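A.B. asks: Dropping the structure in here first, questions after.
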Amino acid sequence: MTETKERNLYEKISKETVFKKLEDIFGIKNVTDKPADLYPYSYDMTECEPHMPDFVVIPENSGQLIELVKFCDQNSIPIVPYISGNNVGGLTIPEQGGIVVDFGKKMNKILHINDNMMYALLEPGVTFGELKKHLDDNYPHLRYSYPFAPPYAGVVGNVILSGMNNLSCKLGSMGDSINGLEVITADGELIRIGSCFYGKDTADDDSWWSRYPMPDLMGLFINWQGMTGLVTKCAVQLWPNPPFKKTYLGIVFGLPDIGPVIREVGRTEIVDDISAVSIEVVKMAVELPEPVKIAGEPDFACLFSISGKTESLLRAKEEYLKLTIENLKKKGIKILLVDADEFTKLFSLRVRCHLDLPAVILSLVEYSGLTWFGSYAPTHKLELLIPKVNDLFIKYKVPPFIYMKIMKHAHYGIFRPILRYNKYKDEEKIHNLLNEIAELCIAEGCIPYKTPAWMTEKMRKVINPGWLKLFDKIKSCIDPNNIFNPGRWNT
Ligand SMILES: Cc1cc2nc3c(=O)[nH]c(=O)nc-3n(C[C@H](O)[C@H](O)[C@H](O)COP(=O)(O)OP(=O)(O)OC[C@H]3O[C@@H](n4cnc5c(N)ncnc54)[C@H](O)[C@@H]3O)c2cc1C
């Protein structure tokens, strides 16, 4: 689906000279051009066309990266920042070759936890699993917010792509929870953004506590898919970890009726997270990979997580959740509310994984291919989107897998039809289905995130021209030689 563009990188400088320079900067053990080493960086789980990088380097510090960026800018050599390649959008495939910078191996330290102002200062390679363990072992009174991504996916990769995690009903997009960034731009400048901006050469680790009130330059690096600079440090907010937690499972009969259910519960302002999935996904979770829906079965299941600093606060929230469900029933919605913690005991520990994130969710990783139309969505359109997309799944004889979230107490939502498939076997069918879903959802105003280039191509046709002009102007101003992750957003 993505068109692979060939770019003659070694007109100005030979490949041998580049290799020598990389060895000088990173040391012989941290540079490779061997095909066997490069191959794993050439593809991901999605439909996006593979492409080999020319080199992979493993940095240890920002000094090395400044030298690299200056050299690549002079010689117009692409740099593709990489953490663990789990973005599910082909975003780290080096579409035009060049150098993959793998942050995951050595720039993966938790630099500081500020317990007082509740944030973690991270290098880009820190994973969800590492952050969770560090907090549980050392700061059990603090928590972070986790996605359904595996524990080996990167925290910084997630926040700079506006991830949606298991506190998102309260917090909204994870991009909003960034306090500060340290970034290297194409001219080799090291920039600190946020309250950490005081101090010429260094910043106190305790100064990364706020993003405002200066002009918000952070927007130049969030959602840009590594196209505007290399993030070398990132401060993310943490939150108090309440001792009392509970998850309820809502089972809903009637395809579109899940819309009002999750919107109404979202508006109660008492839930940490709401995620809803087609009922077929519940069957996948209990190890039925190709489920068939039986007449009379419910259509959707949703998880509502609540928490409280005291038991009575948790009970009050439970009471209000139950009242909200009762009111929905009075309006004719058929819904059952069950205790998810009890429900999961009926099955293997794999089902429990959905409640104890981060975890490897079997239904998402059991095939060689995984892709989705992941989007921020207008929630008033859910009733229209759900049956239409469900019909598309049925048309292609693929078990429906619709995943939704309510964000920031129902100000907006996530609509994500997910496709798992066998690569090299079902690829054509899955591409066609995804393409139809994308066309339908974009026409209804959904805004895809973690967008592969074939999808941004579609979006460009309907985006306001003024926006596109400004976007292209910013990219060419901040990265005039188009060295950072070229090809993304069709640059
Ligand atoms: C099974 C599965 C389930 C998932 N579920 C969810 C979910 O529920 N919610 C959710 O939000 N996400 C989800 N994701 C996506 C995932 O959480 C994030 O996209 C992931 O955490 C990104 O981290 P990464 O290590 O894979 O980054 P990568 O994929 O390596 O990089 C992500 C992007 O950031 C850029 N980048 C990397 N490092 C830097 C840097 N230092 N400076 C600048 N740019 C950089 C890359 O070029 C790329 O564009 C899921 C993924 C999988 C595989």
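A.B. asks: So, in nm, how far is label Cys477 from label Tyr424 when the simple model puts each one 7 Å beyond its Cα toward the Cβ?
C.D. replies: Rounded to a tenth, the inter-label distance reads 4.8 nm.
A.B. asks: A further question on this structure: Which whole-number percentage describes the relative contact order of segment 263-358, with Cα contacts under 8 Å and a sequence gap of 6 or more?
C.D. replies: Once normalised by length, the contact order is 30 percent.
A.B. asks: Under the rule that an exposed site lies in a DSSP loop and has at most 10 other Cβ atoms within 10 Å, name the longest stretch of the chain with no GluC sites (Glu not before Pro) of that kind, not counting the sites themselves. Numbers along the way, then the final one.
C.D. replies: Working: sites that count: Glu6, Glu11.
Segment 12-491 is the longest.
A.B. asks: Report, in whole Å, the centroid distance computed from the Cα atoms of segment 433-491 and segment 380-395.
C.D. replies: 24
A.B. asks: Oh, and also: Please state the Cα pair-distance histogram of segment 110-240 with 10 angstrom bins from zero: what percent is in each bin?
C.D. replies: Calculated P(r), rounded to whole percents: 13, 47, 34, 6, 0.
A.B. asks: Residues in segment 68-82, backbone N under 16 Å from the label point at Lys109 (7 Å along the Cα-to-beta-carbon vector): list them, ranges by number please.
C.D. replies: Within reach of a label on Lys109: no residues.
A.B. asks: Less than 28 Å apart at the alpha-carbon level, and either on another chain or at least 8 residues along: which lysines does that give for Lys469?
C.D. replies: Lys5, Lys70, Lys450, Lys458, Lys461
A.B. asks: Just the number: Rg to Rh for the chain, Cα atoms, Kirkwood Rh, two decimals.
C.D. replies: Over the Cα atoms of the chain, Rg/Rh equals 0.97.
A.B. asks: Using DSSP to call loops (not H, G, I, E or B), can you name the chymotrypsin sites (Phe, Trp or Tyr not before Pro) in segment 173-228 whose Cβ has at most 14 other Cβ atoms within 10 angstrom? Mind dumping the intermediate values first?
C.D. replies: On the way: sites: Phe197, Tyr198, Trp208, Trp209, Phe221, Trp224; in loops: Tyr198, Trp208, Trp209, Phe221, Trp224.
The qualifying sites are Tyr198.
A.B. asks: Then there is this: What nm distance separates the two modelled labels at Tyr139 and Ser210, each placed 7 Å from Cα along Cα→Cβ?
C.D. replies: Calculated label separation equals 1.9 nm.
A.B. asks: Students often check this: by mean Cβ neighbours within 10 Å, which of 82-90, 410-418 ranks highest, and how do the rest follow? Provide the component values of the computation, followed by the final result.
C.D. replies: Values: 82-90: 24.1, 410-418: 21.7.
In descending order of packing, they fall as 82-90, 410-418.
A.B. asks: Further question on the same structure: Measure up Lys334/Lys405; Lys132/Lys423; Lys200/Lys475; Lys132/Lys283 against 30 Å on the Cα-Cα distance and list the ones that go over. Before the final figure, lay out the partial values.
C.D. replies: Details: Lys334/Lys405 20 Å; Lys132/Lys423 32 Å; Lys200/Lys475 26 Å; Lys132/Lys283 28 Å.
Listed pairs above 30 Å: Lys132/Lys423.
A.B. asks: What is the dipole size for segment 244-449, taken about its Cα centre, with +1 at each Lys and Arg Cβ and -1 at each Asp and Glu Cβ, in debye to the nearest 20? Could the numbers behind the result be given before it?
C.D. replies: Working: 28 positive and 27 negative charges, 50 e Å.
Its charge dipole is roughly 240 debye.
A.B. asks: For segment 240-325, count the residues as N, evaluate 2.2 N^0.38 Å, and divide the Cα radius of gyration by that value, please. Write out the running numbers ahead of the final one.
C.D. replies: Numbers: Rg = 14.6 Å, N = 86, 2.2 N^0.38 = 12.0 Å.
So segment 240-325 has a normalised radius of gyration of 1.22.
Every number in this text was worked out from the coordinates using simple rules, so none of it is lab data. Nothing here was measured: the structure is a model prediction, and the numbers come from that model. Methodologically, a virtual Cβ is constructed for each residue, glycine included, from the backbone with ideal geometry; neighbour enumeration extends over all protein chains shown.
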